[in-house]
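Novice: First, the structure itself, so that you have it in front of you.
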Amino acid sequence: MTASNAADRTWALIENEKRRDRFIRRVNVIAWTATFVLVLLIAVLAGLQIAELARAGILRAVPWSAVIGSVMPLVDVLWKLSLLVAALSTVGIFLRLRTASLTEIQLRLASLEEMLAKGHEPPQK
């Protein structure tokens, strides 16, 4: 196998990984958009219910504990969503940093291999 052949294979693998990353990013954007649309829908529906109960609470038709109780499902959904986003973004950042480092190492090795095959000295830093 020649050095240019190895470099071509390396670049092909990198392009394949980039295509996978773009696909995963698209799926991710669609999933998060759907999640936030559903949370917004839940928030609007809960808001309508809370507004009705708050009016009834002001008129003393229902106790305020009922109004607060109607808020809790929305709070529950929002804190779980924020916890999920925080955990997934932390994992995503860690994985992207590792992938970027590995890709850089792979490119440097391919470049070094190509230089050695041509008989050039690698640049000194």
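The values are calculated or read from the model by the stated rules, or taken from the named source; none is laboratory data. Please read all numbers here as calculations on a predicted model, not as lab measurements. Cβ coordinates were reconstructed from backbone atoms using ideal geometry, including for glycine residues, and neighbour counts include every protein chain displayed.
Novice: Quick one: would you say D21 is surrounded by 12 or more Cβ atoms within 10 Å (Cβ to Cβ) and acidic (D, E)?
Specialist: Details: surrounded by 12 or more Cβ atoms within 10 Å (Cβ to Cβ): yes; acidic (D, E): yes.
Spelling it out, D21 is indeed surrounded by 12 or more Cβ atoms within 10 Å (Cβ to Cβ) and acidic (D, E).
Novice: Moving to a separate point now. Within the range 111-122, can you find the residues that are assigned to a helix (DSSP H, G or I) and of a type outside the set (S, T, Y)? Even if it seems obvious, please write down each step before you answer.
Specialist: Let us first name the residues in the range 111-122 that are assigned to a helix (DSSP H, G or I), namely 111-118.
Scanning the range 111-122 gives L112, E113, E114, M115, L116, A117, K118.
Novice: Does the range 52-63 contain any residue that is within 28 Å of V85 (Cβ to Cβ), at pLDDT 90 or above and among the small types (G, A, S)? Spell out the reasoning first.
Specialist: Going residue by residue through the range 52-63, those that are within 28 Å of V85 (Cβ to Cβ) are none.
No: zero hits.
Novice: Being farther than 30 Å from L81 by Cβ and exposed (fewer than 12 other Cβ atoms within 10 Å of the Cβ) is the filter here; which residues of the range 5-18 pass it?
Specialist: N5, A12, E15, N16
Novice: Test R26 against the stated conditions and say whether it is closer than 30 Å to L116 by Cα and either among the basic types (K, R) or in contact with a strand residue (DSSP E or B) (Cβ under 6 Å, 6 or more places away or on another chain) (or both).
Specialist: Working: closer than 30 Å to L116 by Cα: no; either among the basic types (K, R) or in contact with a strand residue (DSSP E or B) (Cβ under 6 Å, 6 or more places away or on another chain) (or both): yes.
When the stated conditions are applied, R26 does not pass them.
Conditions (1) of a type outside the set (V, I, T); (2) assigned to a helix (DSSP H, G or I); (3) free of Cβ contacts under 8 Å to residues at least 60 places away in the same chain, marked per residue:
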| residue | (1), (2), (3) |
| --- | --- |
| S4 | yes, yes, no |
| N16 | yes, yes, yes |
| I30 | no, yes, yes |
| F36 | yes, yes, yes |
| V44 | no, yes, yes |
| L53 | yes, yes, yes |
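Novice: Among the numbered conditions (1) surrounded by 12 or more Cβ atoms within 10 Å (Cβ to Cβ); (2) acidic (D, E); (3) under 22 Å from N16 (Cα atoms), tell me where E52 comes up short.
Specialist: (3)
Novice: Just one of L97, L83, L74 is closer than 24 Å to W32 by Cβ and in contact with a helix residue (DSSP H, G or I) (Cβ under 9 Å, 6 or more places away or on another chain); which is it?
Specialist: Numbers: L97 fails: in contact with a helix residue (DSSP H, G or I) (Cβ under 9 Å, 6 or more places away or on another chain); L83 fails: in contact with a helix residue (DSSP H, G or I) (Cβ under 9 Å, 6 or more places away or on another chain).
Being closer than 24 Å to W32 by Cβ and in contact with a helix residue (DSSP H, G or I) (Cβ under 9 Å, 6 or more places away or on another chain) holds for just one of L97, L83, L74, which is L74.
Novice: Which of the residues spanning the range 78-110 are of a type in the set (D, E, K, R) and either at pLDDT below 85 or not in a helix (DSSP H, G or I) (or both)?
Specialist: Here is the first cut: in the range 78-110, the ones of a type in the set (D, E, K, R) are 80, 96, 98, 104, 108.
R96, R98, E104, R108, listed by residue number.
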